[in-house]
Amino acid sequence: MIAVLGSANMDLVATVDRAPGRGETVTGHTFTTVPGGKGANQALAAARAGGDVAFLGAVGDDDFGRRITTLLADAGIDVSGLAVGDRPTGTAHITVDATGDNSIVVVPGANGTVTELTDAHRAVLDRAQLVMMQLELPLPLVTAAARYARSRGVRVVLTPAPAVPLPAELLAAVDVLVPNEHEAALLAGFADPVEAARSLAAGGGDVVVTLGGRGALRVGGGTETRVPAFEVEAVDTTAAGDTFAGVLAVGLAEGLDWDDALRRASAAAALSVRRAGASSSMPDRAEIDAFLTEG
């Protein structure tokens with residue numbers, strides 16, 4: 001079982017020809033509300049790829065929270081650990097331009113109420129093979145959960161986004177770190193993704209740096225692996241990183257070797273960018289299989 005401890009937001013998405021500069025107003029084309037949050041997105045990506053997933057987090061007692069809970073449950077995700085907090089559901093305000101690039105402002109809301117590792121969290125982690133986390137919940141909680149999971153022999157996968165300096169005790173408890181190249185550069189202090197990955201992997205874990213249209217790089221276990229991206233026409237890149245991470249987690253939980261796990265994750269990310277939205281763009285297992293067969 002894959003446990004996901006993370007954020008759940010409602011994405012408020014506006015599409016524009018180009019993103020506005022500071023102090024500028026531009027006219028948008030469309031506006032949609034789509035359930036998201038890095039935690040919920042990764043949980044959905046993993047579940048749609050065939051993973052047995054439990055989600056731990058919080059939403060508000062509002063329409064956004066109910067929509068998110070229903071979406072997760074309908075995907076077969078165990079939502080018994082999704083608390084209803086006294087703050088509104090978190091929101092992410094996303095602008096997507098004509099090239100598919102995006103900028104995002106996150107308002108944590110109920111996510112900010114998940115501050116301590118509870119007995120309910122521990123009970124789920126005790127049953128898990130792997131736990132996925134991000135940094136949209138308070139950092140002390142993420143650190144405590146990673147350390148607890150490591151003490152129970154549960155594999156810890158961390159997407160360090162939004163990027164902030166990570167305490168040594170958290171990095172020491174992470175088995176697989178999955179930053180994009182900008183996050184890797186911030187964490188390691190090297191602009192070159194290969195140097196950054198090597199530096200971050202020096203502690204003994206595996207590091208997978210996502211490189212957008214250039215694919216992904218994995219460093220760990222004394223080896224380096226590059227996986228090229230699949231060539232597709234991008235509509236919206238919002239969910240690519242979370243889709244990649246969620247599907248990678250499924251591959252690792254199923255015991256795939258690194259090459260196969262990375263290839264499946266890359267294929268899923270490619271499929272996700274061909275559709276708009278976050279949760280609405282994530283492929284299911286059959287789509288991933290068909291895409292790999294055709295490719």
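Are any residues in the stretch 240-265 at pLDDT 95 or above, small (Gly, Ala, Ser) and in contact with a helix residue (DSSP H, G or I) (Cβ under 7 Å, 6 or more places away or on another chain), and if so, which ones?
245, 246, 249, 251, 261, 265, listed by residue number.
Search the stretch 81-101 for residues being out of contact with any Asp or Glu (no Cβ under 7 Å at 6 or more places or on another chain) and not in a loop (DSSP other than H, G, I, E, B), and hand back the single one that is nearest to residue 155 (Cα to Cα).
Step one: list which residues in the stretch 81-101 are out of contact with any Asp or Glu (no Cβ under 7 Å at 6 or more places or on another chain), which gives 81-83, 85-87, 90-91, 93, 95, 99, 101.
Imposing the further condition that a residue be not in a loop (DSSP other than H, G, I, E, B) reduces the set to 81-83, 85, 90-91, 93, 95.
Working: 81: 19, 82: 21, 83: 24, 85: 28, 90: 28, 91: 29, 93: 32, 95: 34 Å.
Only one residue fits best here, namely 81.
Take the residues in the stretch 262-281 that are over 18 Å from residue 102 (Cβ atoms) and touching a strand residue (DSSP E or B) at 6+ places or on another chain (Cβ under 9 Å), then tell me which one is surrounded by the most Cβ atoms within 10 Å (Cβ to Cβ).
As a first pass, look at the stretch 262-281 and keep what is over 18 Å from residue 102 (Cβ atoms): 262-268.
From what is left, the residues that are touching a strand residue (DSSP E or B) at 6+ places or on another chain (Cβ under 9 Å) are 262-263, 265-266.
Details: 262: 24, 263: 21, 265: 29, 266: 23.
Looking at residues that are over 18 Å from residue 102 (Cβ atoms) and touching a strand residue (DSSP E or B) at 6+ places or on another chain (Cβ under 9 Å), I get 265.
Tell me which residues, restricted to the stretch 213-241, are under 16 Å from residue 100 (Cα atoms) and acidic (Asp, Glu).
If the condition is that a residue be under 16 Å from residue 100 (Cα atoms) and acidic (Asp, Glu), then 231, 233, 236 are the ones that fit.
Can you name the number of the only condition in (1) in contact (Cβ under 8 Å) with a residue 12 or more places away in the chain; (2) more than 18 Å from the chain's Cα centre (by Cα) that residue 184 fails?
Failing condition for residue 184: (2).
Are there any pairs with C-beta distances below 7 angstrom linking a residue in the stretch 195-215 that is of a type in the set (Ser, Thr, Tyr) to a residue that is assigned to a strand (DSSP E or B) and surrounded by fewer than 24 Cβ atoms within 10 Å (Cβ to Cβ), with the two at least 6 apart or on different chains, and if so which?
Qualifying pairs under 7 Å: 210/180.
Inspect the stretch 26-35 for any residue being over 27 Å from residue 128 (Cβ atoms), hydroxyl-bearing (Ser, Thr, Tyr) and not in a strand (DSSP E or B) and give the result as yes or no.
yes
How many of the residues in the stretch 244-261 are assigned to a helix (DSSP H, G or I) and either at positive phi or touching a strand residue (DSSP E or B) at 6+ places or on another chain (Cβ under 8 Å) (or both)?
Residues of the stretch 244-261 that are assigned to a helix (DSSP H, G or I), as a first pass: 244-253, 258-261.
Then drop every residue that is not either at positive phi or touching a strand residue (DSSP E or B) at 6+ places or on another chain (Cβ under 8 Å) (or both), which leaves 244-246, 248-250, 252-253, 258-259.
Final tally of qualifying residues: 10.
Each row is one residue, and each column tells you yes or no for (1) over 19 Å from residue 253 (Cβ atoms); (2) aliphatic (A, V, I, L, M).
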site: 84; (1), (2): yes, yes
site: 92; (1), (2): yes, yes
site: 97; (1), (2): yes, no
site: 100; (1), (2): yes, no
site: 116; (1), (2): yes, no
site: 138; (1), (2): yes, no
site: 144; (1), (2): yes, yes
site: 156; (1), (2): no, yes
site: 159; (1), (2): no, no
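Tell me yes or no: at least one residue of the stretch 196-211 is more than 18 Å from the chain's Cα centre (by Cα) and among the charged types (D, E, K, R).
Our first condition is that a residue be more than 18 Å from the chain's Cα centre (by Cα); within the stretch 196-211, this holds for 196-205.
Restricting the remaining residues to those that are among the charged types (D, E, K, R) gives 198.
Taking every residue of the stretch 196-211 in turn, at least one turns out to be more than 18 Å from the chain's Cα centre (by Cα) and among the charged types (D, E, K, R).
Provide a single number: the residues in the stretch 136-153 that are touching a residue at least 40 places away in the same chain (Cβ under 8 Å) and either under 30 Å from residue 21 (Cβ atoms) or over 19 Å from the mean Cα position of the chain (by Cα) (or both).
Of the residues in that region, 1 qualify.
Tell me yes or no: at least one residue of the stretch 73-80 is modelled with pLDDT of 95 or more, assigned to a strand (DSSP E or B) and either aromatic (Phe, Trp, Tyr) or touching a strand residue (DSSP E or B) at 6+ places or on another chain (Cβ under 9 Å) (or both).
yes
Looking at the stretch 266-292, which of the residues that are part of a loop (DSSP other than H, G, I, E, B) and not aliphatic (A, V, I, L, M) is modelled with the lowest pLDDT?
277
Of the residues that sit in the stretch 53-101 and are polar (S, T, N, Q) and surrounded by fewer than 18 Cβ atoms within 10 Å (Cβ to Cβ), which one is farthest from residue 272 (Cα to Cα)?
Kept after step one, since they are polar (S, T, N, Q), are these residues of the stretch 53-101: 69-70, 80, 89, 91, 95, 99.
If we keep only those that are surrounded by fewer than 18 Cβ atoms within 10 Å (Cβ to Cβ) as well, we get 70, 80, 99.
Details: 70: 21, 80: 27, 99: 15 Å.
It comes out as 80.
Go through (1) farther than 24 Å from residue 140 by Cβ; (2) in contact (Cβ under 8 Å) with a residue 40 or more places away in the chain and name the single condition residue 38 misses.
Residue 38 satisfies every listed condition except (1).
The values are calculated or read from the model by the stated rules, or taken from the named source; none is laboratory data. None of the values given here were measured: they were computed from a predicted structure. Using ideal geometry, Cβ is built from the backbone for each residue, glycine included, and neighbour counts are taken over all protein chains shown.
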